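First the structure, in the form of structure tokens, and then the observations on it.
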Amino acid sequence: MSKTIDIVVLGLSLTSSWGNGHATTYRSLIKGLAKGGRRVLFLEREQPWYAAHRDLRASPYCETRLYSSIEELEGIYTPRIRLADAVIVGSFVPDGTHVCRWVLDEARGIRAFYDIDTPVTLSYLNSNNCPYLDARQISEFDLFLSFTGGATLTRLETEFGAQRALPLYCSVDVDEYRPIEVAKSIDLGYMGTYSDDRQSKLEDLLLEPARRLPSQKFMVAGALYPPSVQWPKNVLHKEHLGPGDHPDFYGSQRFTLNLTRADMVDAGYSPSVRLFEAAACGVPIISDQWTGLETFFTPHQEVFLAHTPEDVVRCLQDLDESQARAVGAAARERVLAAHSGVHRAAELETYFSLVTSRPMPTPQRIGGTHAQQATRRAMT
């Protein structure tokens, strides 16, 4: 079989952005890789939720294939895994530990794990119940790529034996996310799926300011909010906005709110994809604070910070509009200089170059399942 692809990615979803930040992350990165001349195959497990909410049938920047079972995955794609220059397994892939084992056994090129949920993964690993990665597999990957930087990378290497733990933060497609000239019909908006650990911040930094400013307009876009959430009359809730609608959504806001999940705040150095997307659209951002934020955007120059409802109210009532626009424009310039999909693809290529090319060991089987292989290894 002739080689047809350079990189295989097995990720949670590329075809549906509903209820997850993985899709737009992969789309931006893969577009960057394609611009650099890489051919990519993306393999995605068919799942009812994403099948019912699919907003990208086929990507122009990669080959996309859906599979319905592990047996189908192994039966069809093992030859392509063996031929690839690099194989990347993402976090939250269904049956991920089995997929990781398959890739580690079969891939001949660089083998990488891409953790888009690193603090969550570490929490799972600490309680020995991670559904998509076995702690013992971490040391076998040539690269552990992490959405979280800082001390978390050291921990991955010292506690879990990662050969190379390196940051590969989310990015944004700056061709798609850009300033749009539309009427400013929303004073403060927020985009994010419901999360228990984020809801108190949404209450403090959007819903309470909405109650205090009844003449102003607010909007929340995101799925899975329970019926128990009490939306003030001046807050519009929309369950989902497809990526194609994001620039208009951000463009219609005077300010947008960025909120970070508790695990990400605790770990620090964990920017969300929404942070970069909003910045690329040039909308002034009001963000919660977490360690490392200043390494991505300079407070008061590229992003506003808020701890209390009063902080948000002051931004909405007291800030000069020209100052707010200048901060939004500066954030966009920062994204264009450092956080586009092209930048992330270049970083990934640099990481690939760090891995010494080496022949992969012959698989320890003539036939049989991965479980049988594991048994043989345990007996030798």
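Among the residues making up segment 181-207, a single one is surrounded by fewer than 17 Cβ atoms within 10 Å (Cβ to Cβ), touching a residue at least 40 places away in the same chain (Cβ under 8 Å) and not in a loop (DSSP other than H, G, I, E, B): D197. Only one entry of D204, D196 meets the criterion of being out of contact with any helix residue (DSSP H, G or I) (no Cβ under 7 Å at 6 or more places or on another chain) and either at pLDDT below 95 or not assigned by TED's automatic domain parsing to the domain that holds L104 (or both), and that entry is D196.
Residues that are touching a Gly at 6+ places or on another chain (Cβ under 9 Å) number at least 3 in the following helices (runs of 4 or more DSSP H) confined to segment 240-349: 246-251, 273-280, 321-338. Each residue in segment 19-69 was checked for being part of a loop (DSSP other than H, G, I, E, B) and in contact with a Ser or Thr (Cβ under 9 Å, 6 or more places away or on another chain), and 13 pass. Only residues that are among the small types (G, A, S) and without any contact (Cβ under 8 Å) to a residue 60 or more places away in the chain were counted across segment 279-310, and they come to 1. Within segment 67-86, the set of residues being buried (at least 17 other Cβ atoms within 10 Å of the Cβ) and within 15 Å of T15 (Cα to Cα) comprises Y67 only.
Of everything listed in (1) surrounded by 18 or more Cβ atoms within 10 Å (Cβ to Cβ); (2) closer than 27 Å to L275 by Cα, the single unmet condition for K35 is (1). The condition of being assigned to a loop (DSSP other than H, G, I, E, B), closer than 24 Å to T154 by Cα and under 21 Å from the mean Cα position of the chain (by Cα) holds for only one of P131, P94, that being P131. A single entry from V273, V312, V283 fulfils the requirement of being modelled with pLDDT under 95 and in contact with a helix residue (DSSP H, G or I) (Cβ under 7 Å, 6 or more places away or on another chain): V273.
Checked against the criterion of being surrounded by fewer than 22 Cβ atoms within 10 Å (Cβ to Cβ), touching a residue at least 60 places away in the same chain (Cβ under 8 Å), out of contact with any strand residue (DSSP E or B) (no Cβ under 8 Å at 6 or more places or on another chain) and assigned by TED's automatic domain parsing to the domain that holds I70, the candidates R178, R101 yield just one match: R101.
So for segment 73-86 (the condition being outside any helix (DSSP H, G or I), charged (D, E, K, R) and under 20 Å from the mean Cα position of the chain (by Cα)), does at least one residue qualify? No: zero hits. Summed over segment 208-250, the residues that are hydroxyl-bearing (S, T, Y) and touching a residue at least 40 places away in the same chain (Cβ under 8 Å) give a count of 1. Filtering T97, T152, T121 for residues that are farther than 20 Å from L168 by Cα and β-branched (V, I, T) leaves a single hit, T97.
The values are calculated or read from the model by the stated rules, or taken from the named source; none is laboratory data. These figures come from a predicted structure and were not determined experimentally. Counting neighbours? That spans all protein chains shown, and the Cβs are built from the backbone with ideal geometry, glycine included.
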